[in-house]
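What follows is a short report on a single structure.
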Amino acid sequence: MQIEAENTSDAQLLIGVRKGERRALAKAITLVESTLPEHAERAQKLIAEIVATANSSVGANDTPLKTESLRIGISGVPGVGKSTFIEALGLYLIAAGHKVAVLAVDPSSSLTGGSILGDKTRMEQLSLTDAAFIRPSPSSGALGGVTDHTREAILLCEAAGYDIIIVETVGVGQSEIAVAAMTDMFVLMQLPNAGDDLQAIKKGIMELADVVVFNKADIDLIAAQRAVAQMRLALSMLRPTSKFWTPQVMSLSALKQDGLAEFWQQVSDFRLKMQASGEFAAKRQHQALAWMNQQIDSALRQQFRQHPAVASALPAISADVENGSMTPTVAAGQLLALAKKDFEESKQRKNHA
Ligand code: GDP
């Protein structure tokens, strides 16, 4: 799919993204986050162009695409030290020649209108570095919508040459599952003594973790070591995320930048093992298919609700379900039948035309 010649600003945007210009990248992400229908169409064209190029050769005037990206999900409760850690890790990786993008999935922004991740000035040093790109969390939309945009933002960052993509989220359950479904590796950050291990196990988050990091080990090293041992035991009782990887547990201090090299060694080991086994690529394929199916589900649901016949019958039928005069199954059947009838009538009209 080509971006039409008349839409030169989008063509320029694409060139800017491919050259790794941070302004162009930020603008492109704003376009994919937009809820305006006309923006959605332009955004899809932009993404389609980027994906097509990622799978073929790159034009002579563009920076070569780094297809060897690594997408890392990092989660933890507010205050655990995520931004301190990501800033320290980002600077460490940039010093080693990487380009680092940080994206946030912040469920609080859609649930409460406020933001846990976006409001304060975070990662100040990293944000001043040319080789880093930091995107605060999207400000509106349901979690599903926000994560769709984050998936697309990942693709845009990769097209702009960022080879390490960190997707950050806070610990509320639903957002971790969404982030794990769009990254190659999932890191859970915890505090020694916080007792949130049990919470994480209850919410099914622990099963997602490829690496568990206990931060703030500088405060109480003994407590950190104890937490690591307990977590290893807990994890040994869970099903591992992959048969090629045993989830690792470690402690570090983001503030003192102590343990970053050891952490990165774990990440590199993980990547090597997953790539050697073929699971790295298989996971991305699986994630892409799951994303497609999710998009189909949500588009169908939206189309269904927008059906004129459904839209007008929905309030009364919903009230009947609420007051118990109609069962949910019968109600769903009636609404689906209305949509089907409408669809068949419009098909017949098209055939006669
Ligand atoms: P976030 O909400 O998860 O992003 O957490 P922050 O990175 O904002 O950190 C919360 C507080 O913990 C800040 O005051 C940090 O300076 C502090 N902090 C972060 N990492 C460490 C650490 O390794 N050791 C200590 N002692 N404090 C830390």
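The table for this structure:
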quantity: Given Lys45/Lys347; Lys27/Lys99; Lys19/Lys273; Lys45/Lys341; Lys99/Lys273; Lys243/Lys273, the pairs whose alpha carbons are separated by over 21 Å; calculated: Lys45/Lys347; Lys19/Lys273; Lys45/Lys341; Lys99/Lys273
quantity: Inter-label distance, nm, simple model (7 Å from Cα along the C-beta direction), Gln295/Ala276; calculated: 3.5 nm
quantity: Cut-off 11 Å between beta-carbons: net charge of the residues surrounding Ile134, Lys and Arg +1, Asp and Glu -1; calculated: 0
quantity: Inter-probe distance in nm under a simple model that places probes 7 Å from Cα toward Cβ, at Val51 and Glu124; calculated: 4.0 nm
quantity: Residue-normalised accessible area of region 307-352, given per residue in Å² at a 1.4 Å probe; calculated: 73 Å²
quantity: Extended-chain gain in nm, criterion 0.36 nm per residue less alpha-carbon gap, Gln225 and Lys256; calculated: 9.5 nm
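The values are calculated or read from the model by the stated rules, or taken from the named source; none is laboratory data. In this text the structure is predicted, and so the values were computed from the model without any measurement. Cβ sites come from the backbone with ideal geometry, for glycine too, and all protein chains shown count toward neighbours. Surface areas here come from the heavy atoms of the whole protein model, side chains and all, with no ligands, DNA or RNA. Shrake-Rupley method; radii C 1.70, N 1.55, O 1.52, S 1.80 Å.
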